[in-house]
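The values are calculated or read from the model by the stated rules, or taken from the named source; none is laboratory data. This one's a predicted model, so the numbers in the text were calculated from it and none came from an experiment. Cβ placement follows ideal geometry from the backbone for every residue including glycine, while neighbour counts extend to all protein chains displayed. To get the accessible areas, we keep the full protein, side chains included, count just its heavy atoms, and leave off ligands, DNA and RNA. Shrake-Rupley method; radii C 1.70, N 1.55, O 1.52, S 1.80 Å.
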Amino acid sequence: MDDTASLETLRADVRAWLAANAPHGWREAEQTHAEFAASQKAWFLKLVEGGFAIPHWPAEWPGGGRSLAEQKVIYEELARADTPRLLLSFVSTYHAASTFFECATPEQKAHYLPRILQGEIWCQGFSEPNAGSDLAALKTRAVREVRDGREVYVVSGQKIWSTMAQYADQCLLLVRTSSEGAKQAGITFLLMDMKSKGVDVRPINQIQGDQEYCEMFLDEVEVPVENRVGEEGKGWAVAQATLSSERGLTLMELAYRMRGAGGRIAELIRKAGKENDPGTLAEFGAIMTRVESACAIADRFIENRLKGEERVGDASIVKLTYSRVLQDFALLGLRLGGLDEQVRAPIVFGDLNTGNWMADYMNSYAWTIAGGSDEVQRNIIAERMLEMGREPKNWVL
Amino acid sequence: MIELSELQDAAQKAFPADTLAPARDASWQLIAEMGWLMIDLPEDLGGLGLGRDATTMLHVEMGRVLSRAPLATALITQRALALSETLADKAGWLERTSTGTFVTINYDRRRITLDGRTVSGTLPAVPDADMASHVLLCTDGLIALVPLDAASVTVRERPLWDETRRLFDVTLADHAIDPALVVAEGAAADAIAATLREDMLLGIAADAIGGAAAALDATVDYLKTRRQFDRPLALFQALKHRCADLKTRIVAADALLWARAADPAATSVQFGALKALACEVFRFTTQEMIQLHGGIGLTEEHSAHLFMKRAMLDFWLAGGADVLNEAAGRAALAA
Ligand SMILES: Cc1cc2nc3c(=O)[nH]c(=O)nc-3n(C[C@H](O)[C@H](O)[C@H](O)COP(=O)(O)OP(=O)(O)OC[C@H]3O[C@@H](n4cnc5c(N)ncnc54)[C@H](O)[C@@H]3O)c2cc1C
């Protein structure tokens, strides 16, 4: 266990480092999506240099080997200093990294992990137009062939919602290598170089004016067999490692950031001259209490993990609590902001709780839909935690 | 006498449900050709005199297709002109506005200062000022037409999240009201303004109900066709209940809409409360619409966001729910 004194020393170190290195005015500087990507990349490399980019990696990595309690301190300080969230490198340092740590060969680890710290960007190519909540229904085909004397998977199909794929160098790709048996059984996990021939990436225009994710068309893309993670047909298990890579810390950071953004609502209340309006104050109090409880449940989740006591469904409760508060937080901002909020204002790319309440509201859906939607979380809580049984698998109309 | 159902059929043929947010100017022309700009005008003034049932029906239908054309605004300003006892060339105005000349109005009455007949200030939230010849300036004790091409008038668009509507700031710099363009003054102006406000609230409520119904229809259709886990999503009872709740809220709000439209004694507080209810139902329906569509609902190419953004604007036009519900609460307390 970490003693309090060493955690406080760490806190002081991070705070001092941030005082010297945290970027200022980054929101204003990111006028285009390309500027956003450049500023994200620069901040990530700076954090690597400072030793605070990958606290969750094993100890042999510079800046790695931090306990969960230490990670928590680092995230708290990053949130407190209002630094940009690491959006561009998120999949690289969490999803890709944990896939490598848990499932990859020594050669794969040695090749890919150092490159992540040099700024190589990964995206996740799991979802497809017809495989969203039902990810196992994915259809992108991979056929093993020998081409130019090399054994390769020839991959064709379509992926969608791939976050930051337009900037990605590499892709965590789920493909179907067999249609026999259970849907999960024919899935294989590949690492695909985004510069390969036959990869066509098209950013998707989102409703708030961002282009956070992309469609990806794959036409006979050749992926060397050595780029497979795990055995052929065992990709589903590898994908579980990818998806469970970040457990709770992101939501803790986000909940803390929402707490920090409470001031934006206070600002609106003052601007509207409603400091003495009991109804408004009651609503403000209620939402901030829900924010506190989102922080508390994230904290407790992490404490339980520290003790090795995480239970099935706990992560779902943390996520569902956060997503519901996040959406209602933005809705309260909209209500207090009034007609003025309906005038289109510039957005902060990929950010939440920005005070552009319409954009914040639209962005809240990233958390109610992505990464297992609210409905899917409810299913997990009801079926696995409350043990209410699963809906029959064999329904047809 | 035209039956309401005939009017609805005609509206649905002219503005089919599968063409959302049709182009504004073409829609406007169609609206004029269909004679809808005469629908509200009393017969003795050359109109059809069909009243609030008919206009409500049209506004529901226009809401359903996310119409960009300012029909509700046009009918409101025309009603003011029809009620005027001072307007010079009133017959000419009614003739022009019932054949396509558009007069807009400020949906928000703040920020105007009046010095005798000289007006200064910015009229916020003026719809479609770019296609209007005049704005009907509506302020305490005075309603008057202001030509938008006057030197003392500047018009600036405020781009909205809602792509289906356009609002402008109209700024008046010591604009001297032309006596021939005074529509009403004093108590008469305030009485007309109250009527206009009722029409405004009813019109937005109808728009919201139409929009909510179309949003729910589209969502239910999607859930019936979208398959996950080897079945249509519509088969999940959790989602059925969400849709059933939306249906119930929409139908109940629709019932109140028609009850108020038919009630000559309905008060402006009641219209306001109706508007607040209908707009909250629309807003919430679009919130669910996006959620139930999953990722596709967050893309520009899908129409869900058009509904959502329109619902948000409807929510605020002519007053937000808090203010309107508070008035209803006070009225209920006094009853
Ligand atoms: C911002 C964002 C970023 C993303 N980034 C990535 C990425 O980097 N890589 C990637 O591969 N994917 C990514 N995704 C995709 C994401 O994982 C899917 O959107 C998600 O799994 C939902 O799938 P869907 O959009 O197809 O919705 P659907 O699965 O079609 O769901 C539609 C609706 O039905 C509900 N529903 C579905 N199944 C059930 C059920 N069994 N019971 C009750 N309700 C149900 C859903 O909750 C939803 O409300 C991202 C999505 C978003 C929004």
Here the residues within region B:221-235 that are within 8 Å of the ligand (Cβ to nearest atom) and of a type in the set (S, T, N, Q) are B:Gln228
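If I filter region B:294-322 down to residues being over 22 Å from B:Leu201 (Cβ atoms) and either at pLDDT below 95 or open to solvent by less than 10 Å² (accessible area, probe 1.4 Å) (or both), which single residue comes out as nearest to the other protein chains (Cβ to nearest Cβ)? Before the answer, list the steps.
The initial filter retains those residues of region B:294-322 that are over 22 Å from B:Leu201 (Cβ atoms), namely B:294-306.
Going one step further and asking which of them are either at pLDDT below 95 or open to solvent by less than 10 Å² (accessible area, probe 1.4 Å) (or both), we end up with B:297, B:299, B:304-305.
Numbers: B:Gly297: 8, B:Thr299: 5, B:Ala304: 8, B:His305: 4 Å.
Step by step, filter region B:294-322, then rank; the result is B:His305.
Which ranges mark the helices (runs of 4 or more DSSP H) fully within region A:1-108 that have 2 or more residues being touching a residue at least 60 places away in the same chain (Cβ under 8 Å)? Walk me through it before giving the result.
Numbers: elements: A:4-21, A:26-29, A:33-50, A:68-80, A:97-103.
Qualifying helices (runs of 4 or more DSSP H): A:4-21, A:33-50, A:68-80, A:97-103.
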Do we find a residue being within 14 Å of the ligand (Cβ to nearest atom) and within 28 Å of A:Asn363 (Cβ to Cβ) anywhere in region B:210-218? yes
Those residues of region A:367-379 which are among the hydrophobic types (A, V, I, L, M, F, W, C), facing chain B (nearest Cβ under 8 Å) and assigned to a helix (DSSP H, G or I) amount to A:Ile369
- Is at least one residue of region A:111-130 within 23 Å of A:Gln40 (Cα to Cα), open to solvent by less than 30 Å² (accessible area, probe 1.4 Å), assigned to a loop (DSSP other than H, G, I, E, B) and touching a residue at least 24 places away in the same chain (Cβ under 8 Å)? yes
The residue from A:Thr99, A:Thr163 that alone is within 14 Å of another protein chain (Cβ to nearest Cβ) and under 21 Å from the mean Cα position of the chain (by Cα) is A:Thr163
(Q) Based on this model, can you work out whether B:Phe307 counts as under 26 Å from A:Asp374 (Cβ atoms) and without any contact (Cβ under 8 Å) to a residue 40 or more places away in the chain? (A) no
Counting only residues in region A:1-39 that are at pLDDT 90 or above and basic (Lys, Arg), the one least open to solvent (accessible area, probe 1.4 Å) is identified as A:Arg11
Within region A:202-239, the residues that are farther than 26 Å from B:Pro159 by Cβ and assigned to a loop (DSSP other than H, G, I, E, B) are A:Gly230, A:Glu231, A:Glu232, A:Gly233, A:Lys234
A:Met385 passes all but one of the listed conditions (1) within 11 Å of another protein chain (Cβ to nearest Cβ); (2) surrounded by fewer than 20 Cβ atoms within 10 Å (Cβ to Cβ); (3) more than 13 Å from the ligand (Cβ to nearest atom); the exception is number (1)
By my count, helices (runs of 4 or more DSSP H) wholly in region A:254-358 with at least 3 residues that are surrounded by 14 or more Cβ atoms within 10 Å (Cβ to Cβ) and within 14 Å of chain B (Cβ to nearest Cβ) are A:278-306, A:314-337
Just wondering, is there one or more residues in region A:196-217 that are touching a His at 6+ places or on another chain (Cβ under 6 Å) and either closer than 17 Å to A:Leu243 by Cβ or at pLDDT 95 or above (or both)? yes
Reported set for region A:47-57 where residues are open to solvent by 30 Å² or more (accessible area, probe 1.4 Å) and touching a Phe, Trp or Tyr at 6+ places or on another chain (Cβ under 9 Å) is A:His56
Within region A:136-148, residues being open to solvent by 20 Å² or more (accessible area, probe 1.4 Å) and within 16 Å of the ligand (Cβ to nearest atom) number 2
Flagged in region B:264-312 as of a type outside the set (A, V, I, L, M, F, W, C), over 22 Å from B:Arg68 (Cα atoms) and more than 14 Å from the ligand (Cβ to nearest atom), in numbering order, are B:Pro264, B:Thr267, B:Ser268, B:Gln270, B:Gly272
Considering only region A:181-204, I want to know if a residue exists there that is buried (at least 20 other Cβ atoms within 10 Å of the Cβ) and within 14 Å of chain B (Cβ to nearest Cβ). yes
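Going by the conditions given, is A:Val223 in contact (Cβ under 8 Å) with a residue 60 or more places away in the chain, within 15 Å of the ligand (Cβ to nearest atom) and not basic (Lys, Arg)?
When the stated conditions are applied, A:Val223 does not pass them.
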